[in-house]
Amino acid sequence: MPLTFDDLLLRARALARGGRRAILGIAGSPGSGKTTLAEHLVRALNDGGPPWAAHVPMDGFHLADAELDRLGLRDRKGAPDTFDAAGYAALLRRLHEDTDDVVYAPGFERVLEQPIAGTIPVPPTARLVVTEGNYLLLREGSWARVRPCLDEVWFCEIDEQERVRRLVARHEEFGKEHDTAVAWVLGTDQRNADLITTTRDRADLIVPAAALPSPSQVPGIEA
């Protein structure tokens, strides 16, 4: 039978067996639906009660533009070497150890296109942490430290034309002119997407488009 969102919900809930904290990773290319799926899962798992699940995106570990300028990497923003991968892995390890009270994670402000420290609280009631990002399955450099911190990793996969359409629309929404958005998506973003696709076979589960909630189902969320 085709995989459904309800199947994903049951699988995610089962990860935190015996009350221990588990971490679910959701990977995929830019625009594939990672954030939409993560937010929808967390909302459904919490269901208006105390936060049993928390969402910690990888995007909070983007290097700031000032540092990208210093490194000469501004035109590659979003590539693996434009993130603090070691810092991300360290946070995941701390979350998995589950020895602190509240753990604060950084977020990413899309209007500013900048990371912001300490914006995401993960309370001790959170038994499942859902983290999503492009490079969870990458084995190069400090990214290799990420996968051992994750109980499972799912890979979102949608039609390529739809993925590109969503991505162009997102860039336009946050200020890029259409031609600039298309150039970025087909250039920098596509190089990153090609790399991410090579990690697909390392995932525990491939999530097809049919099982993904529509971005419109999660107000204010972009895929």
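The values are calculated or read from the model by the stated rules, or taken from the named source; none is laboratory data. Quick caveat: nothing in here was measured; it's all calculated off a predicted structure. With ideal geometry, Cβ positions are generated from the backbone for all residues, glycine too; neighbour counts draw on all protein chains shown.
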_For the list (1) surrounded by 18 or more Cβ atoms within 10 Å (Cβ to Cβ); (2) aliphatic (A, V, I, L, M); (3) within 15 Å of Glu152 (Cα to Cα); (4) out of contact with any Ser or Thr (no Cβ under 7 Å at 6 or more places or on another chain), I need the number of the one condition that Leu9 fails._
(1)
*asked:* Give all pairs with beta carbons closer than 7 Å in which a residue from the range 54-66 that is within 20 Å of Val103 (Cα to Cα) meets a residue that is in a helix (DSSP H, G or I) and of a type in the set (Asp, Glu); count only pairs at least 6 apart in sequence or on separate chains.
replied: His55/Glu39
*Among residues belonging to the range 74-100 that are among the aliphatic types (A, V, I, L, M) and closer than 12 Å to His62 by Cβ, point out the one that is modelled with the lowest pLDDT.*
Ala79
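Pull up the range 108-158, narrow it to residues that are basic (Lys, Arg) and within 26 Å of Arg20 (Cα to Cα), then point me to the one that is surrounded by the fewest Cβ atoms within 10 Å (Cβ to Cβ).
Step one: list which residues in the range 108-158 are basic (Lys, Arg), which gives 110, 127, 139, 145, 147.
Remaining after also requiring within 26 Å of Arg20 (Cα to Cα): 127, 145, 147.
Working: Arg127: 20, Arg145: 15, Arg147: 18.
Only one residue fits best here, namely Arg145.
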*Check whether at least one residue in the range 42-64 is touching a His at 6+ places or on another chain (Cβ under 7 Å), crowded, with 17+ Cβ neighbours inside 10 Å and not aromatic (Phe, Trp, Tyr), and report yes or no.*
yes
*Exactly one condition in (1) touching a helix residue (DSSP H, G or I) at 6+ places or on another chain (Cβ under 9 Å); (2) among the hydrophobic types (A, V, I, L, M, F, W, C); (3) crowded, with 17+ Cβ neighbours inside 10 Å is not met by Ala38; state its number.*
(1)
*Members of the range 186-199 found to be touching a residue at least 60 places away in the same chain (Cβ under 8 Å) and either farther than 21 Å from Pro148 by Cβ or surrounded by fewer than 18 Cβ atoms within 10 Å (Cβ to Cβ) (or both), listed by number*: Thr188, Asp189, Arg191, Asn192, Ala193, Leu195, Thr197
*Going by the structure shown, is Ala203 modelled with pLDDT of 90 or more and either in contact with a helix residue (DSSP H, G or I) (Cβ under 7 Å, 6 or more places away or on another chain) or closer than 30 Å to Leu10 by Cα (or both)?*
yes
